[in-house]
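Peer 1: Right, I'll just put the structure down here and ask away after.
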Amino acid sequence: MNSRGLIWQTYMISCGKCSREEPLPDRLFREAAKRAEATGWAYTDSDGWLCAHCLPLVLSSPLNTETIRAEIGARIRGVRTAKGIKQASLARYVGLGRSSIANMETGRQTISFEMLARIARALQCPAADLLPESMRGAPDEP
Ligand SMILES: [Zn+2]
């Protein structure tokens, strides 16, 4: 019981990497999530909950960079095909070869921020639309 007499439930979250567990006493999961952030835990698309120890390791790991690159590539392909633009046309517009676009779309080639901005301009979409959810921040729950 807290000072306002509410019954507090305990949620257990466990780290997706090291399986460490953390009790989160709270009535609402949303508030529990905020508390988790205060203790250094965070929820990720790739691994679920991560503890304060594992979170920085995962965020900076090469594996995660590959995932992000693949997600950006898939989004570029999604917007491009939705607009009926050919790889060769996009390549010409941004000054690259068609194979570079193909490699970017499958996550095999690194994309600079400048190139991302040029591709977004060529596709006439906000650059943020090409970023993975995990890089855009979670929207507030209703
Ligand atoms: Zn951990």
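Peer 1: How much length is gained on full extension from S46 to E114, taking 0.36 nm per residue of separation minus their Cα-Cα distance?
Peer 2: Working: separation 68, 0.36 × 68 = 24.48 nm, distance 2.60 nm.
Here the segment from S46 to E114 would lengthen by 21.9 nm.
Peer 1: Using Cβ counts within 10 Å as a stand-in for footprinting exposure, how do I101, I68 rank, fewest first? Could you put the intermediate results ahead of the total?
Peer 2: Working: I101 25, I68 17.
Fewest to most other Cβ atoms nearby, the residues stand as I68, I101.
Peer 1: Still on this structure, please answer the following. So if I take the alpha carbon set of the stretch 63-132, get Rg, then get Rh from the Kirkwood formula, what is the Rg over Rh ratio?
Peer 2: So for the stretch 63-132, dividing Rg by the Kirkwood Rh gives 0.92.
Peer 1: Take each of the peptides 42-52, 76-86, average the number of other beta-carbon atoms within 10 Å over its residues, and list them starting from the highest.
Peer 2: Working: 42-52: 16.9, 76-86: 14.7.
With the highest mean Cβ count within 10 Å placed first, the list reads 42-52, 76-86.
The numbers here are math on the coordinates, done by the rules we state, and not lab data. Only a predicted model underlies this, so the values are computations on that prediction, with no experimental measurement involved. Neighbour counts run over all protein chains shown; Cβ positions are idealised from the backbone, glycine included.
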